[in-house]
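The values are calculated or read from the model by the stated rules, or taken from the named source; none is laboratory data. The shown structure was predicted, so the numbers you read here are calculated from the model rather than taken from an experiment. Neighbour counts are summed over all protein chains in view; Cβ atoms, including those assigned to glycine, are modelled from backbone coordinates with ideal geometry.
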Amino acid sequence: RLLIIDFGSQVTQLIARRLRELNVYCEIHPYQKVTDASLKEFAPKAIIFSGGPDSVMREGSPRPPKAAYEMGVPILGICYGQQVMMHDLGGRVEAGEHATAEFGRAYVTPTENRPEFLKGWFMDGTGKEQVWMSHGDHVAEIAPGFEVYGTSPGAPFAITADLSRNFYAVQFHPEVHHTPNGATLYENFVRLAGFTGDWTMGAYREEMIAKIREQVGDSHVICGLSGGVDSSVTAILLHEAIGDQLTCVFVDHGLLRLNEATEVVKMFRDNYNIKLIHADESDLFLGELEGVSDPETKRKTIGKLFIDVFQKYASEIEDAEFLAQGTLYPDVIESVSFSGGPSVTIKSHHNVGGLPEKMGLKLVEPLRELFKDEVRALGHELGLPASFIGRHPFPGPGLAIRCPGEITREKLDILRKADAVYIDQIRKHGLYDDIWQAFAAILPMRTVGVMGDGRTYDYALALRAVTSVDGMTADYYPFSHEFLGETSTRIINEVKGVNRVFYDCTSKPPGTIELE
Ligand code: XMP
């Protein structure tokens, strides 16, 4: 296995990701936690020093333990990692001045000698490679034993190595998208370190299971299950690890989609022998939401009730010591703080935020190193049905935020039926997987129409469909007019209470994905 020592770069997780793509197992440890002893115990086959925001010139700035250089294993230093390596091994780093700081795209050209590490580089006939630079300080003098193998106008030591010790150090970031051939360097490095690339999602599953067992011991874990891919994969993984020491709570707040509660509960009961509490609390939620039309009040009411309900069920579970959450890497903003303190900032999770502290529970978050597509791959590995793996995201507050204005059972019923027709249309036209998220919303107004020979005065619906990468920005999906016409007709014919359908063609920004 490979160890990444994290010096606080924003893109350290991308290094891990590149390595997983090469089927190499790695772990990221923050530099504060890596000591001579822990390093020896971990016994890495290779080490990577990440980038970081600090300056090696600053007294007390982050350093790897001395043992790293003495273990006889290959090391790759990136950006700050390069500077640290040069500084520790007898080179010299200079503080950045405007003239030498480099941010953004740069081009590296090779020297005469091409070590194995650069196999596959400088091959496209241009004689150079695009790289992404982001550094203030720079190496002024390389350490004894090192040679330069690539330079850029702003970085005379862009690629350096001590081939006898298998130490490599680059000034740029090979892990980011803007270093298009960067993955090749990682591939060369891991091959030089002797990795054969035999690590798989199946192996990750086994490792996670072992880790969960070690963390949890004989205690009991509770897990809020929503039926989304993240919480489903979390629950199944935990169940494989600790079996009956897991209890899942599925809270039905009455704001779910058509048949959703039954489908989720059935899928889990049929396929997995997980202890699952189906908490039907729709009367409670809908009762409290009566007369509430302000979006923030709705969200806060639902959030609070969710915690109350979860706490109620959880308190009935004996020995519950842990709370499992499907937090993914993008949900986690984890940074080694600039001041060198061991502080970690985590974006609070939307679903059961606040619960762990309130109940004195410890967290189990088996997916926090993964990106969404990796969670899907793990779900596949765990046998989760494809229909669950590819599901569009669904917000915690559910249909409440797709029903602007006051929520009534009648409106929710109409909305559920219309949404089901809309999604059916999308699936029938083979568009479901091209769309990030699609849903219907019921508008707080009635409009006049004519059906048969009679006047109608019914609800209007808005249909929404967006493409997105992470939900932070989004564009509306360009359905054909035929699709929109056919869908509108189907909804009005099949769903009583609707006589008009709009399509929302607002991007985000300025709109948000949900209506509230
Ligand atoms: P917005 O509406 O903010 O939505 O553009 C971005 C993404 O987040 C989802 N969303 C939520 N998910 N709890 C959740 O679990 C929430 O309170 C919540 N609000 C929005 C939304 O469905 C979209 O995917």
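On the given criteria, is Thr160 in the same structural domain as Glu27 (by TED's automatic domain parsing), touching a strand residue (DSSP E or B) at 6+ places or on another chain (Cβ under 7 Å) and modelled with pLDDT under 95? Give the derivation first.
Working: in the same structural domain as Glu27 (by TED's automatic domain parsing): yes; touching a strand residue (DSSP E or B) at 6+ places or on another chain (Cβ under 7 Å): yes; modelled with pLDDT under 95: no.
Taking the combined requirement at face value, the residue does not satisfy it.
Quick check on this structure: which one of Thr467, Thr447 is away from the ligand (no atom under 16 Å from the Cβ) and among the β-branched types (Val, Ile, Thr)?
Details: Thr467 fails: away from the ligand (no atom under 16 Å from the Cβ).
The match here is Thr447.
Residues that are within 16 Å of the ligand (Cβ to nearest atom), in contact with a helix residue (DSSP H, G or I) (Cβ under 9 Å, 6 or more places away or on another chain), within 17 Å of Leu238 (Cα to Cα) and modelled with pLDDT of 90 or more: does segment 383-399 have at least one?
Taking every residue of segment 383-399 in turn, none turns out to be within 16 Å of the ligand (Cβ to nearest atom), in contact with a helix residue (DSSP H, G or I) (Cβ under 9 Å, 6 or more places away or on another chain), within 17 Å of Leu238 (Cα to Cα) and modelled with pLDDT of 90 or more.
Determine whether segment 333-350 contains at least one residue that is surrounded by fewer than 17 Cβ atoms within 10 Å (Cβ to Cβ), at pLDDT 50 or above and in contact with a helix residue (DSSP H, G or I) (Cβ under 7 Å, 6 or more places away or on another chain).
No, the conditions are met nowhere in segment 333-350.
If a residue has to be assigned to a loop (DSSP other than H, G, I, E, B), of a type in the set (A, V, I, L, M, F, W, C) and surrounded by fewer than 23 Cβ atoms within 10 Å (Cβ to Cβ) to count, how many in segment 137-151 make the cut? Quick ask: steps written out before the conclusion?
Step one: of segment 137-151, the residues assigned to a loop (DSSP other than H, G, I, E, B) are 137, 142-146.
Checking the rest, the ones that are also of a type in the set (A, V, I, L, M, F, W, C) come to 142-143, 146.
With the extra rule that they be surrounded by fewer than 23 Cβ atoms within 10 Å (Cβ to Cβ), the set shrinks to 142-143.
Of the residues in that region, 2 qualify.
Kindly establish whether Gly485 is more than 14 Å from the ligand (Cβ to nearest atom) and either assigned to a loop (DSSP other than H, G, I, E, B) or surrounded by fewer than 13 Cβ atoms within 10 Å (Cβ to Cβ) (or both). I'd like the intermediate steps shown before the answer.
Values: more than 14 Å from the ligand (Cβ to nearest atom): yes; either assigned to a loop (DSSP other than H, G, I, E, B) or surrounded by fewer than 13 Cβ atoms within 10 Å (Cβ to Cβ) (or both): yes.
When the stated conditions are applied, Gly485 passes them.
Kindly provide the set of residues from segment 84-123 that are outside any strand (DSSP E or B), at pLDDT below 90 and acidic (Asp, Glu), ordered by number.
Glu97 - this is the single residue of segment 84-123 that is outside any strand (DSSP E or B), at pLDDT below 90 and acidic (Asp, Glu).
Looking only at segment 405-439, which residues are surrounded by fewer than 20 Cβ atoms within 10 Å (Cβ to Cβ), within 16 Å of the ligand (Cβ to nearest atom) and part of a loop (DSSP other than H, G, I, E, B)?
Ile435, Trp436
If you check Gly511 against the conditions, is it within 25 Å of the chain's Cα centre (by Cα), within 16 Å of the ligand (Cβ to nearest atom), at positive phi and not hydroxyl-bearing (Ser, Thr, Tyr)?
Values: within 25 Å of the chain's Cα centre (by Cα): yes; within 16 Å of the ligand (Cβ to nearest atom): yes; at positive phi: no; not hydroxyl-bearing (Ser, Thr, Tyr): yes.
No, not satisfied.
Going by the structure shown, is Thr196 within 21 Å of the chain's Cα centre (by Cα) and either surrounded by fewer than 18 Cβ atoms within 10 Å (Cβ to Cβ) or modelled with pLDDT of 95 or more (or both)?
No.
Within the bounds of segment 356-366, is there any residue that is within 24 Å of Arg257 (Cα to Cα), among the small types (Gly, Ala, Ser) and more than 24 Å from the chain's Cα centre (by Cα)? Quick ask: steps written out before the conclusion?
Here is the first cut: in segment 356-366, the ones within 24 Å of Arg257 (Cα to Cα) are none.
No: zero hits.
Looking at (1) modelled with pLDDT of 90 or more; (2) within 16 Å of the ligand (Cβ to nearest atom); (3) in contact with a Leu (Cβ under 9 Å, 6 or more places away or on another chain); (4) not acidic (Asp, Glu), which is the only condition Val292 fails?
(3)
Which of the residues that make up segment 492-503 are in a loop (DSSP other than H, G, I, E, B) and loosely packed, with under 14 Cβ neighbours inside 10 Å?
Narrowing segment 492-503 to residues in a loop (DSSP other than H, G, I, E, B): 495-497.
If the condition is that a residue be in a loop (DSSP other than H, G, I, E, B) and loosely packed, with under 14 Cβ neighbours inside 10 Å, then Lys496 is the only one that fits.
Which one is farthest from Leu370 (Cα to Cα) among residues in segment 473-482 that are in a loop (DSSP other than H, G, I, E, B) and touching a residue at least 12 places away in the same chain (Cβ under 8 Å)? Step through it out loud before you land on a result.
Filtering segment 473-482 down to residues in a loop (DSSP other than H, G, I, E, B) leaves 473, 477-480.
Next, from what is left, pick out any that are touching a residue at least 12 places away in the same chain (Cβ under 8 Å): 473, 477, 479.
Working: Thr473: 21, Tyr477: 27, Phe479: 32 Å.
For segment 473-482, the residue satisfying everything is Phe479.
Within segment 443-457, is there a residue that is outside any strand (DSSP E or B) and touching a residue at least 60 places away in the same chain (Cβ under 8 Å)? Walk me through how you get there before you give the answer.
Pass one, segment 443-457, residues outside any strand (DSSP E or B): 452-453.
Imposing the further condition that a residue be touching a residue at least 60 places away in the same chain (Cβ under 8 Å) reduces the set to none.
So far as segment 443-457 goes, no, none of its residues is outside any strand (DSSP E or B) and touching a residue at least 60 places away in the same chain (Cβ under 8 Å).
Of (1) part of a loop (DSSP other than H, G, I, E, B); (2) without any contact (Cβ under 8 Å) to a residue 40 or more places away in the chain, Asp470 satisfies all except one. Which?
(2) is the only condition that Asp470 fails.
Determine whether segment 126-133 contains at least one residue that is among the aromatic types (Phe, Trp, Tyr) and either modelled with pLDDT of 95 or more or not assigned by TED's automatic domain parsing to the domain that holds Ile75 (or both).
Scanning segment 126-133, I find no residue that is among the aromatic types (Phe, Trp, Tyr) and either modelled with pLDDT of 95 or more or not assigned by TED's automatic domain parsing to the domain that holds Ile75 (or both), so the answer is no.
Ala460: surrounded by fewer than 20 Cβ atoms within 10 Å (Cβ to Cβ), closer than 24 Å to Glu296 by Cα and more than 16 Å from the ligand (Cβ to nearest atom), yes or no?
Values: surrounded by fewer than 20 Cβ atoms within 10 Å (Cβ to Cβ): yes; closer than 24 Å to Glu296 by Cα: yes; more than 16 Å from the ligand (Cβ to nearest atom): yes.
It is true that Ala460 is surrounded by fewer than 20 Cβ atoms within 10 Å (Cβ to Cβ), closer than 24 Å to Glu296 by Cα and more than 16 Å from the ligand (Cβ to nearest atom).
Any residue in segment 111-118 that is acidic (Asp, Glu) and under 30 Å from Lys40 (Cα atoms)? Write out each step before concluding.
Step one: list which residues in segment 111-118 are acidic (Asp, Glu), which gives 112, 116.
Pick out the ones that are also under 30 Å from Lys40 (Cα atoms) and you get 116.
Within segment 111-118, one or more residues are acidic (Asp, Glu) and under 30 Å from Lys40 (Cα atoms).
If you take the residues in segment 388-404 that are surrounded by fewer than 19 Cβ atoms within 10 Å (Cβ to Cβ) and among the hydrophobic types (A, V, I, L, M, F, W, C), which one is nearest to Ile307 (Cα to Cα)?
Across segment 388-404, the extreme among qualifying residues is Phe394.
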